[in-house]
Structure formats: structure tokens, C-alpha cells
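Trainee: Dumping the structure here so I can ask a few things about it.
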Amino acid sequence: MGIKVRPPEIMSPVSGKDQIMAAPFVGMWEVAYISPNIEMGKGIYKILAIYSGRSDKIAADHFYKFHIFDSERKIVRSEEIAAYCMKVYLTFYTIMISQDDIDHTLKAGGASLSSVRESLDRIRIAMVKGYEQEFGKQHKLFQDMNDILAYMDQQKSLEEKMYEYALKIQTVKSEVEEVGKVPEKMFSQLLEATNKFKTYARQRGVLLMQHQNKLRIVRSLLKDTMMVKYLNDDEREWTTGIIKQISTEIEYQQIVFHTHGQTLITPKGYIRKLQQIPEDFIRLQADEFVRGKWIVNKKKHRFTLFKKDRKVD
């Protein structure tokens, strides 16, 4: 069954003169999308991407073959130009699937947990003091509160960087949409911002995966009547806001999973996958697209390998 997906916003269904140009390359149960003008050096190019399916239900996340055309509607055979155009496509695709993460980061303002850090520290001190006075020792779970305070400091640093690049992405993306083309200078800024955002987002995702159980333990401590009894009225009131923020942080894990397209995988395995993604992943993926999906370099069908030339007697 086909999965309802859509190309990134930069791609639009072919129409007008572009439809005439695309017609020879689009078969039955295929649909073509085309990019706006992509500027590279002194040249202007467009991506013609062919998807399987139909306009209301495309059958795959990405197109399965593509052409690059120049301003004269001639097929481009330069691998350098094809790779550059693929970086443009993949950058906008990366932004599209990361939009929830970008929106979450902008909404938090780069400090989703830092606003409650001081309150949590004061609650920790009160709980430790009260518990020691009653039992003459520390509860072993208090160490988890210490670890979460350190986590909040690390998370804040990463989130501030994510916020900086999320703003840059939104700004440059809006500028590109306004001019209706992809100027080389604007794309260079957008590519850098996207790579930086994704790098810090992966680091933040790894950090969250490593601390998710401790976040849940701290949340449980803040709900435990045996622990809350050591707090004064103001501190008890603070717990509500802290529990809400920690719950939001735990829910952010779903955005991390969705953004990287992984399901049914253990946190340990997911951490390993996130740590293995290089910072220039868009360039590497663009090279892979060019090798596998660029129609100019498309490999012969495997059955042709078995054909032999016959000699005439």
C-alpha cells in the first residue's frame, strides 16, 4: 500500500512549458515535480524529479530517478552540477522532515528546562536535608537529581545553538521563497545552518536518550508524597511546573525518533546510529543520489549482462 508522502516545498508539480519538457520522461503511474531555478556560478538549472504513484499518493519518500536541465531546457551531464542540485533538494527535504524539531526549538526559545533548573536545585536541597534528618542517610535516587541538573546545563548549551541555527534556517528559507529561486549565496547559508542545526540536534537527541530514565525517576520523586513532605508551600508549588517541563522533555524524544525516520529500535541502538551520522551527511547523501538515481548515469538493467553478441557465420 502506498504511503502518502510529499516532496519538499521547493518542488512543485510540473505545469505549463515545463510539462511539455517533462512529458517524454514520465511514464504510467509516475508523477513529475520540478524545482525553481537553482543558480550555480553563471548557470541556471532545474531538477526534474520522477516519483512513482500519483499526485495524491506518492509511493516513496524520495523520487527514484531525476534529470537536471539548464536554462535552455537541455539535459545537463555534469556530475558536479547534479551533485550541487541534489544538495539543494536534500537540504529542503531535511528541513521539511525536521520542521517539528525546528518549531519545538523556536517555541522553547533555546531554554526549555533552564527556567526550572534553580527551582529543582532548591527542591533537591530541601529533600536531601529532610530525608537525612529523618533517616540519617541520603536516598540513592538523589544522585539522579544531581545528574539531571548537570543534564540541564548540557542541554541548555546545545539548545541555544539549535535555536540560533533554527532562526537562521527560517530566515533564509523565507528569503528563498520570496525570490522564487535558489541563489547560490542564500543556499550556502541555508546548507550551513541546516548542517549545524542537525549536528546539535543529534547531540541533544543522544543526551536525551542517555538520560530519559533518570528524567522519569526525578519526575516520580517530585510526585512522591513521601518526598514532597520535606518541601515548604512554595517548593511544593514549583513541583507542578517542573513536572510539566520534564514531561515535555520526555515527549521530545518522539520528535527525535520521527525526525530521523527510525521506529522500533532500542535507545542504545538509536544512540549508536545518531553518533555515526557525519556532519556533512547532506553532501554524502547527495553523492549517493547522483550515483543511484541520476538518469544520465543510470546503470543498465541487470538482465542485459546475460546477453551475448551473436557472431554471423
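Trainee: Among 89-101, 279-291, what's the highest-first ranking by average C-beta atoms within 10 angstrom per residue?
Mentor: 89-101, 279-291
Trainee: Further, regarding this structure: Can you give the helix-only mean residue ellipticity at 222 nm for the chain, where every DSSP H stretch with n ≥ 4 adds -39500 (n - 2.57) and the sum goes over all residues, rounded to the nearest 500 deg cm²/dmol?
Mentor: -20500 deg cm²/dmol
Trainee: Suppose every K and R has +1 on its Cβ and every D and E has -1 on its Cβ; what is the size of the dipole of the range 211-276 about the Cα centre, in Debye to the nearest 20?
Mentor: Details: 10 positive and 7 negative charges, 97 e Å.
Rounded to the nearest 20 debye, it is 460 debye.
Trainee: Evaluate the relative contact order of the range 139-225 (contact order divided by residue number), counting alpha-carbon pairs under 8 angstrom at least 6 apart; express in whole percent.
Mentor: This gives 47 percent for the range 139-225.
Trainee: Now, a different point. State to the nearest 20 debye the size of the charge dipole of the chain about its Cα centre, where the only charges are +1 on K and R beta carbons and -1 on D and E beta carbons.
Mentor: 1620 debye
Trainee: While we're here: Over the chain, what relative contact order in percent results from Cα pairs under 8 Å that are six or more residues apart? Don't skip to the end; give the middle numbers.
Mentor: On the way: 366 pairs, mean separation 62.4, N = 313.
Reported as a whole number, the value is 20 percent.
Trainee: Let me spell out the model: positive unit charges on the Cβ of Lys and Arg, negative unit charges on the Cβ of Asp and Glu, origin at the Cα centre of the range 54-103. What dipole size does that give, in debye rounded to 20?
Mentor: Working: 7 positive and 9 negative charges, 83 e Å.
Using Cβ point charges on Lys, Arg, Asp and Glu, the range 54-103 gives about 400 debye.
Trainee: Sorted from largest to smallest, which semi-axis lengths in Å does the alpha carbon gyration tensor of the chain give for its equivalent ellipsoid, taking the root of 5 times each eigenvalue?
Mentor: Those come to 52, 21, 16 Å.
Trainee: Follow-up question, since we're still on this one. For the range 31-104, state which GluC sites (Glu not before Pro) are in a DSSP loop and have at most 13 other beta carbons lying within 10 Å of their beta carbon. Provide the component values of the computation, followed by the final result.
Mentor: On the way: sites: Glu39, Glu72, Glu79, Glu80; in loops: Glu72.
Those satisfying the criteria are Glu72.
Trainee: Taking loop as defined by DSSP and a crowding limit of 15 other beta carbons within 10 Å, which trypsin sites (Lys or Arg not before Pro) in the range 1-62 fit?
Mentor: Sites meeting the loop and neighbour criteria: Lys4, Lys42.
Trainee: Sort largest first and round to whole Å: the equivalent ellipsoid semi-axes of the range 1-57, each the square root of five times a Cα gyration tensor eigenvalue.
Mentor: Semi-axes (√(5λ), whole Å): 23, 14, 8.
Trainee: Say each of Ile44 and Arg216 gets a label point 7 Å from the Cα, pointing the same way as Cα to Cβ; how far apart are those two points in nm?
Mentor: 5.6 nm
Trainee: Now for a different question. Roughly how many Å² is the accessible area per residue of the chain, as a whole number, for a 1.4 Å probe?
Mentor: It amounts to 57 Å² per residue over the chain.
Trainee: Using a 7 Å offset from the Cα along the Cα-to-Cβ direction at both Met28 and Phe281, what is the distance between the two label points in nm, to one decimal?
Mentor: Computed distance between label sites Met28 and Phe281 equals 3.9 nm.
Trainee: OK, next. Specify the angular offset, from 0 to 90 degrees and rounded to the nearest 10, of the alpha carbon long axis of helix 184-223 from the longest principal axis of the alpha carbons in the chain.
Mentor: For helix 184-223, the angle is close to 30 degrees.
Trainee: With all protein chains present, how much of the accessible area of the chain (probe radius 1.4 Å) comes from carbon and sulfur, to the nearest whole percent?
Mentor: On the way: 8930 of 17820 Å².
Summing carbon and sulfur atoms, their accessible area is 50 percent of the total for the chain.
Trainee: Pairing the Cα long axis of helix 99-108 with the longest principal axis of the chain, what angle in degrees results, from 0 to 90 and rounded to the nearest 10?
Mentor: The answer is roughly 30 degrees.
Trainee: How big is the C-alpha Rg of the range 106-178 next to the rule-of-thumb value 2.2 N^0.38 Å, as a ratio?
Mentor: Working it through for the range 106-178, the quotient is 1.68.
Trainee: Rounded to the nearest 0.05, what FRET efficiency do Asp103 and Ser247 give with R0 = 22 Å and r taken as the Cβ-Cβ distance? Could you check?
Mentor: Efficiency, from the Cβ-Cβ distance: 0.75.
Trainee: Rg and Dmax in Å for the range 73-137, alpha carbons only: what are they?
Mentor: My reading of the Cα-based Rg and Dmax gives 25.9, 82 Å.
Trainee: What angle do you read, to the nearest 10 degrees and between 0 and 90, between the alpha-carbon axis of helix 79-97 and the longest principal axis of the chain?
Mentor: 40 degrees
The values are calculated or read from the model by the stated rules, or taken from the named source; none is laboratory data. The structure displayed is predicted, hence computed values, not measured ones. Ideal geometry is used to build each Cβ from the backbone, glycine not excepted, and the neighbour counts take in all protein chains shown. All accessible areas refer to the heavy atoms of the entire protein, side chains included, with ligands and DNA or RNA removed. Shrake-Rupley method; radii C 1.70, N 1.55, O 1.52, S 1.80 Å.
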